[in-house]
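The values are calculated or read from the model by the stated rules, or taken from the named source; none is laboratory data. Fair warning: this is a prediction, and the values are worked out from it, not measured in the lab. Using ideal geometry, Cβ is built from the backbone for each residue, glycine included, and neighbour counts are taken over all protein chains shown. Quick note on the areas: whole protein, heavy atoms, side chains included, nothing else; ligands and nucleic acids left out. Shrake-Rupley method; radii C 1.70, N 1.55, O 1.52, S 1.80 Å.
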Amino acid sequence: MLPTLVEAPPEGGEWTHEVKFDGYRSQLIKRPGGSRIFTRNGFDWTAKYAPLVEAADGLAVASAIIDGEIIVPDPATGLTDFQALRSTIRKTPTGLSS
């Protein structure tokens, strides 16, 4: 779950690439008993991302692991806003919108 900065992406069909946004890398784990979100260091941030957990619980699958980056886009530019993300998760455990 830790990206590595390189000058150019590797060539060849066996590679996949991922854009690094300005957010928190996380894993959402959906199980029949409910979903949880963990940081790349293993901290349980489920309460900080309650609306995302609620949305995941509504997915039409019994279980899944979704590895990605949680971001807050700037409404004016569509670019990621890291300070808005930090501010949102500090305000209340349910401060994010899904």
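Take the residues in the stretch 1-43 that are outside any loop (DSSP other than H, G, I, E, B) and over 14 Å from residue 67 (Cα atoms); name whichever of them is most open to solvent (accessible area, probe 1.4 Å).
Kept after step one, since they are outside any loop (DSSP other than H, G, I, E, B), are these residues of the stretch 1-43: 24-31, 34-39.
Cutting the leftovers down to over 14 Å from residue 67 (Cα atoms) gives us 31, 34.
Working: 31: 147, 34: 25 Å².
Out of the qualifying residues, it is 31.
Which condition does residue 50 not pass, out of (1) open to solvent by 50 Å² or more (accessible area, probe 1.4 Å); (2) out of contact with any Phe, Trp or Tyr (no Cβ under 9 Å at 6 or more places or on another chain), if it passes all the others?
For residue 50, the failing item is (1).
Applying the selection to the stretch 44-85, what residues are assigned to a loop (DSSP other than H, G, I, E, B) and over 14 Å from the mean Cα position of the chain (by Cα)? Lay out the reasoning, then the answer.
At the first step, the residues of the stretch 44-85 found to be assigned to a loop (DSSP other than H, G, I, E, B) are 45-46, 58-63, 71-72, 74-79, 81.
Scanning the stretch 44-85 gives 58, 59, 60, 61, 62, 63, 74, 75, 76, 77, 78, 79.
Of all residues being at pLDDT 90 or above and under 26 Å from residue 87 (Cβ atoms) in the stretch 59-70, which is surrounded by the most Cβ atoms within 10 Å (Cβ to Cβ)? Just the residue, please. Can you show your working first?
Kept after step one, since they are at pLDDT 90 or above, are these residues of the stretch 59-70: 59-67, 69-70.
Now drop any that are not under 26 Å from residue 87 (Cβ atoms), which leaves 66-67, 69-70.
On the way: 66: 14, 67: 12, 69: 18, 70: 20.
This residue is 70.
Would you pick out the residues in the stretch 71-97 that are β-branched (Val, Ile, Thr) and either touching a helix residue (DSSP H, G or I) at 6+ places or on another chain (Cβ under 9 Å) or modelled with pLDDT under 90 (or both)?
Here is the first cut: in the stretch 71-97, the ones β-branched (Val, Ile, Thr) are 71-72, 77, 80, 88-89, 92, 94.
Answer for the stretch 71-97, where residues must be β-branched (Val, Ile, Thr) and either touching a helix residue (DSSP H, G or I) at 6+ places or on another chain (Cβ under 9 Å) or modelled with pLDDT under 90 (or both): 71, 72, 88, 89, 92, 94.
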